[in-house]
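For reference, the structure is listed below as structure tokens.
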Amino acid sequence: MKKAIIIGATSGIGRALSIILSKNGYTVCAAGRRTDLLKSLQSELLPGSLVRAMDISDIKNAVNTFNKICTDLKGADLIVISAGTGHLNPDLEWLKEKETIDVNVSGFSAIAGAAYRHFAEQGYGHLVGISSLAGIRGGGGAPAYNASKSFIFNYLQGLRHKSAKMNLPIYITDIRPGFVDTAMAQGEGLFWVQSPEKAARQIFLAIQKRKKVAYITKRWTLIAWILRMLPDVIYHKL
Ligand SMILES: NC(=O)c1ccc[n+]([C@@H]2O[C@H](COP(=O)([O-])OP(=O)(O)OC[C@H]3O[C@@H](n4cnc5c(N)ncnc54)[C@H](OP(=O)(O)O)[C@@H]3O)[C@@H](O)[C@H]2O)c1
């Protein structure tokens with residue numbers, strides 16, 4: 001039976017993906033900070049699935065907890081980092097920017113690094129990070145959020161480069177959602193908002209296909225292309 005660890009499984013995309021993985025026979029360990037939500041999720045997962053409290057911005061404890069999960073599960077085939085945060089921050093308040101960096105940059109890379117080390121030791125594995133379409137270009141509404149997601153693009157590419165050089169069967173997938181109907185979808189003028197369940201179904205397909213990069217839902221591939229191509233003079237008017 002395959003084993004998966006999902007960090008950021010208490011709500012939204014991570015929760016929906018945990019349920020799909022469980023329905024497809026995975027033993028899941030679901031992690032996040034809100035223990036009440038973890039307990040209610042556990043009742044929807046296959047027997048033998050685990051839940052663990054973890055705050056990825058508390059790096060030392062988070063990495064210890066992560067390593068202990070790997071031991072408790074006796075190895076993991078799939079590790080998904082869905083945990084993330086972000087704030088609309090028109091006044092550039094430092095504490096909001098800092099929280100985003102602590103979770104999406106420091107926390108993300110600490111857990112991604114621990115996951116990679118686990119896979120390198122065991123000789124195989126699949127790491128999935130949930131970044132965002134927002135990583136494609138800087139954004140004035142939430143500068144730290146866009147920058148943090150861009151960091152994730154690059155960090156995951158670095159791990160892919162590392163596994164290729166080491167010739168190890170360690171697969172790295174960067175999931176880039178557009179708008180998904182969760183607490184993270186903030187602001188005006190949202191469009192093509194999809195349910196977390198639909199997003200999770202498409203993420204599961206991308207995992208099965210071992211995709212390097214997947215836009216969720218697929219139609220966001222077009223917006224990603226447009227965002228990359230738009231000259232600044234037009235982008236700055238959006
Ligand atoms: N929704 C969208 O439109 C959208 C678009 C693009 C990308 N994304 C990305 O998708 C990922 C999942 O977000 P979502 O949309 O599913 O929103 P969500 O429902 O708010 O889920 C965020 C998850 O991250 C966890 N989390 C946040 N801070 C954490 C921390 N310090 N330690 C551990 N876990 C933490 C939360 O759990 P606890 O609070 O219980 O810890 C929760 O499970 C995020 O990385 C987000 O940036 C979302």
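Take the Cα of PHE204, step 7 Å toward its Cβ, do the same at LYS165, and the gap between the two points is 3.6 nm.
In straight-distance terms, cross-link reach from LYS3 covers every one of the aspartates and glutamates whose alpha-carbon lies under 19 Å from its own, apart from those fewer than eight places away in the same chain; here that gives GLU44, ASP72, ASP77, GLU121. With axes computed from alpha carbons, what is the tilt in degrees of helix 108-122 against the longest principal axis of the chain, rounded to the nearest 10 within 0 to 90? That helix lies at roughly 40 degrees to the long axis.
Would you kindly state how much longer the chain becomes between LEU190 and LEU227 on full extension, computed as 0.36 nm times their sequence separation minus their alpha carbon distance, in nm to one decimal?
Values: separation 37, 0.36 × 37 = 13.32 nm, distance 1.57 nm.
Full-extension gain reported as 11.8 nm.
For segment 6-20, putting each phi into the Karplus relation 6.51 cos²θ - 1.76 cosθ + 1.60 with θ = phi - 60° gives couplings of 10, 9, x, 9, 6, 8, x, 5, x, 5, 4, 5, 4, 5, 5 Hz, in residue order, rounded to whole numbers and with x for Gly and Pro.
Are there any trypsin sites (Lys or Arg not before Pro) in segment 1-62 that are in a DSSP loop and have at most 15 other Cβ atoms within 10 Å? List them by number. Each step should come with its number before you reach the end.
Values: sites: LYS2, LYS3, ARG15, LYS23, ARG33, ARG34, LYS39, ARG52, LYS60; in loops: LYS2, ARG33, ARG34.
Sites meeting the loop and neighbour criteria: LYS2, ARG33, ARG34.
Which of rounded, prolate or oblate describes segment 144-204 when judged by the alpha-carbon gyration tensor and an a/c cut-off of 1.5? Oblate.
Listed cross-link partners LYS23/LYS218; LYS149/LYS212; LYS68/LYS198; LYS162/LYS209; LYS23/LYS198; LYS60/LYS98 are compared with a 25 Å cut-off, the Cα-Cα value being larger for LYS68/LYS198. Cα centroid separation, segment 89-130 to segment 1-68: 16 Å.
Note on ARG219 and ARG137: the extension gain reaches 27.7 nm, defined as 0.36 nm multiplied by sequence separation minus the Cα-Cα distance. In the chain, the longest principal axis of the Cα atoms and the axis of helix 59-73 are about 40 degrees apart.
Taking the Cα centre as origin and putting +1 on Lys and Arg beta-carbons and -1 on Asp and Glu beta-carbons, what dipole magnitude results for the chain, to the nearest 20 debye? The partial results should precede the final answer.
Numbers: 30 positive and 17 negative charges, 195 e Å.
Dipole about the Cα centre, nearest 20: 940 debye.
Between amide H atoms placed 1.01 Å from N, distances below 5 Å from THR173 occur with LEU127, VAL128, GLY129, all of them 5 or more places distant or on a separate chain. Under 20 °C and 1.002 mPa s, how fast does the chain diffuse according to Stokes-Einstein, given a Kirkwood radius computed over C-alpha pairs? Answer in µm²/s, whole number. Translational diffusion coefficient: 119 µm²/s. Protection proxy ranking, highest mean first, for peptides 114-124, 140-150: 140-150, 114-124, where packing is the per-residue count of other beta-carbon atoms within 10 Å, averaged.
With the Cα gyration tensor of segment 159-236 giving a ≥ b ≥ c as the square roots of its eigenvalues, does the rule (a/c under 1.5 for rounded; else a/b larger than b/c for prolate; else oblate) give rounded, prolate or oblate?
Working: a/c = 2.68, a/b = 1.43, b/c = 1.88.
Oblate shape, in that a/c is at least 1.5 and b/c is the bigger or equal ratio.
Coupling constants for segment 78-87 follow from the phi torsions by the Karplus curve (6.51 cos²θ - 1.76 cosθ + 1.60, θ = phi - 60°), and in residue order they are 9, 10, 10, 9, 9, 4, x, 9, x, 9 Hz; glycine and proline get x.
Any read-out appearing in this document is the output of simple, stated calculations on the displayed coordinates, not a laboratory observation. In this text the structure is predicted, and so the values were computed from the model without any measurement. Cβ atoms come from the backbone with ideal geometry, glycine included; neighbour counts cover every protein chain shown.
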